[in-house]
1. When the stretch 8-29 is examined, which residues are found to be under 17 Å from Asp53 (Cα atoms), touching a Gly at 6+ places or on another chain (Cβ under 9 Å) and not aromatic (Phe, Trp, Tyr)?
2. Given Leu95, Leu107, Leu136, which one is within 20 Å of Thr25 (Cβ to Cβ) and assigned to a helix (DSSP H, G or I)?
3. Quick one: Thr155 ticks every box in (1) in contact with an Asp or Glu (Cβ under 8 Å, 6 or more places away or on another chain); (2) closer than 21 Å to Glu37 by Cα bar one, so which box is it?
4. Quick one: in the stretch 49-82, of everything that is β-branched (Val, Ile, Thr) and touching a strand residue (DSSP E or B) at 6+ places or on another chain (Cβ under 7 Å), which residue is farthest from Glu146 (Cα to Cα)?
5. If you take the residues in the stretch 6-35 that are assigned to a loop (DSSP other than H, G, I, E, B) and aromatic (Phe, Trp, Tyr), which one is farthest from Tyr104 (Cα to Cα)?
6. Inspect all residues belonging to the stretch 19-41 and state whether any of them is under 24 Å from Thr151 (Cβ atoms) and without any contact (Cβ under 8 Å) to a residue 12 or more places away in the chain.
7. What's the total number of residues in the stretch 92-128 that are over 19 Å from Val72 (Cα atoms) and surrounded by 20 or more Cβ atoms within 10 Å (Cβ to Cβ)?
8. Run Glu57 past the list (1) more than 30 Å from Phe175 (Cα to Cα); (2) surrounded by 13 or more Cβ atoms within 10 Å (Cβ to Cβ); (3) acidic (Asp, Glu); (4) without any contact (Cβ under 8 Å) to a residue 40 or more places away in the chain and report the number of the one that doesn't hold.
Amino acid sequence: MQKVILESPYKSYEEAKFVDNYIYTLAVARQLILKKEIAPAFFHGLYTQFLDDNTHERDIGIETSFLFHENVEKKIFTLDRGISKGMGFSLEDALDKGIDIQFYTALPPFTLTGGSVASINKVSCVKERIAQAVALVEDLKRLNPEGFKRTGKLTEYDHYLDSEITEVRGILRRFIGVVVNDKRDFEPERCITR
C-alpha cells in the first residue's frame, strides 16, 4: 500500500457545507483504503477534532501536519468540491519538499471530468499538473456557479460514492454519536471494544 496524504476542502462557516466536506473526505478515504492500494492520512480531519479551526490553532494544525507529510509517497488532492486555501498551502508544501502530487475525482474515467483528471495525472511536470487541475476546477465552477456557491459541489460525486457515504454516515452515528451524546444513554453492545 502507498502511504499518502489526502487533501480535500474542509473548513466552511456554513454547517451543511462543513458536514458535506467532512463526509466527502471520509467517503473518499474509505474508498481508497478498501481498494487496498492506498493508505490515506488526512490531518485536517484529525486535528480539527481537538484544535479550533476558526482561530490561530488552524495554522498550528496545518504547520504540525506538514511535519508528517514528508514521510509519504505522494499527496492526493480531491477536486469534486474544489480547491480550498488549506489545500493550496499543502500544494506549496509538496512542491517545496518534492512530494509527488496527484488529483482525484470520484467520477470514473469514462466521464468528461474523470477522464480530464486521469489525463492531468499523466502530465510529467508537477507544476503543469497543478495548473491544469486548477484550470479544471475553475471551468467546473463556471459551469454551475450558483450550484457551487450553494452546495460546494463541482461534480455529481455523490452518485459514485453513494455506498461509501451511506456507510460513513452509519459509522459516524454509531461511534462518534456516542462521544457527543451528553445523555450517555447508548447501547453498550453496539460499541466495539478492542
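1. Ser8, Pro9, Lys11, Ser12, Glu14, Ala16, Lys17, Asp20, Asn21, Thr25
2. On the way: Leu95 fails: within 20 Å of Thr25 (Cβ to Cβ); Leu107 fails: assigned to a helix (DSSP H, G or I).
Of Leu95, Leu107, Leu136, the one residue that is within 20 Å of Thr25 (Cβ to Cβ) and assigned to a helix (DSSP H, G or I) is Leu136.
3. Going through (1) in contact with an Asp or Glu (Cβ under 8 Å, 6 or more places away or on another chain); (2) closer than 21 Å to Glu37 by Cα one by one, Thr155 breaks only (2).
4. As a first pass, look at the stretch 49-82 and keep what is β-branched (Val, Ile, Thr): 55, 60, 62, 64, 72, 76, 78.
Still in the list and also touching a strand residue (DSSP E or B) at 6+ places or on another chain (Cβ under 7 Å): 72, 76, 78.
On the way: Val72: 37, Ile76: 27, Thr78: 21 Å.
Filtering first and then ranking leaves Val72.
5. From the stretch 6-35, those assigned to a loop (DSSP other than H, G, I, E, B) are 8-14, 35; that's our starting set.
With aromatic (Phe, Trp, Tyr) added as a condition, the list becomes 10, 13.
Working: Tyr10: 16, Tyr13: 24 Å.
So, considering only residues that are assigned to a loop (DSSP other than H, G, I, E, B) and aromatic (Phe, Trp, Tyr), the one farthest from Tyr104 (Cα to Cα) is Tyr13.
6. yes
7. 7
8. Unmet for Glu57, out of (1) more than 30 Å from Phe175 (Cα to Cα); (2) surrounded by 13 or more Cβ atoms within 10 Å (Cβ to Cβ); (3) acidic (Asp, Glu); (4) without any contact (Cβ under 8 Å) to a residue 40 or more places away in the chain: (1).
The values are calculated or read from the model by the stated rules, or taken from the named source; none is laboratory data. Note that this is a predicted model, so its numbers are computed, not measured. Note that each Cβ is placed from the backbone with ideal geometry, even for glycine, and that neighbours are counted across all protein chains shown.
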